[in-house]
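To start, the structure itself, in structure tokens.
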Amino acid sequence: MVCTVMLIISNLYKSFGEKPLFRDFNLELKDKQSLCIMGSSGCGKTTLLNIIMGLEPYESGSVLKDAQKISAVFQEDRLIEGLTAYRNIALVKKNEDCELIKSIASKLELSNFLLQKAGALSGGQKRRLSIARALYYDGELMIFDEAFKGLDKELKGKVLLYVKESTADRQCIFVSHDESENEVFRCKQIVL
């Protein structure tokens, strides 16, 4: 699937109570251009992602995006712990593709855990399961909010390369505190 997605944020204003978080914030991403958002805790990175996804209201400005289908890996795993890892991946599409699920799971070293309940998985396995679900959903816009935290160095390197390969024809937005992640993706970077 070839993707053509634009994202334009114009004069965004968002506050929490009396404190402005974004004032006259502007951003433009063109087709297949990706973005890494860096910044200290509490500076508004996740809030910006939520605004882009339509999950968070804002006071003024505009957010225009072509993407009709958005894949997201949130900071929290947001898994259904009573379902198997396989079911957690499959539930995002009406027509299940067993072979694709198994392929993604294999690349993320989850093959041996597909029949286990998500609640029984380790933190790193849950992270990879969240990533697998987002990749399986195959959004036109892919959002990764600190998606790679908690992975050991060697595994993180493999996961980053697989995500890079899998999203090469997508527009992606990454939030990270780790400069090395942006070195892998080599995308536009902003600091909030």
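The values are calculated or read from the model by the stated rules, or taken from the named source; none is laboratory data. Computed from a prediction, not measured in an experiment: that's the story for all the values here. Cβ sites come from the backbone with ideal geometry, for glycine too, and all protein chains shown count toward neighbours. With ligands, DNA and RNA removed, areas are computed over all heavy atoms of the protein, side chains included. Shrake-Rupley method; radii C 1.70, N 1.55, O 1.52, S 1.80 Å.
Remarks
- In segment 1-51, the residues that are within 17 Å of the chain's Cα centre (by Cα), touching a residue at least 60 places away in the same chain (Cβ under 8 Å) and not in a loop (DSSP other than H, G, I, E, B): Leu7, Leu29, Leu35, Cys36, Ile37, Met38, Lys45, Thr46, Leu48, Leu49
- Meets criteria (in contact with a strand residue (DSSP E or B) (Cβ under 9 Å, 6 or more places away or on another chain), closer than 20 Å to Val159 by Cα, in contact (Cβ under 8 Å) with a residue 40 or more places away in the chain and of a type in the set (Val, Ile, Thr)) for Val63: no
- Scope segment 33-50; condition in contact with an Asp or Glu (Cβ under 7 Å, 6 or more places away or on another chain) and either more than 18 Å from Glu140 (Cα to Cα) or open to solvent by 10 Å² or more (accessible area, probe 1.4 Å) (or both); matching residues: Thr46, Thr47, Asn50
- Among residues of segment 61-82, those that are under 17 Å from Ile8 (Cα atoms) and open to solvent by 50 Å² or more (accessible area, probe 1.4 Å), counted: 5
- Across segment 104-153, the qualifying residues are those that are buried (at least 21 other Cβ atoms within 10 Å of the Cβ) and among the small types (Gly, Ala, Ser), and the one among them that is farthest from the chain's Cα centre (by Cα) is Ala118.
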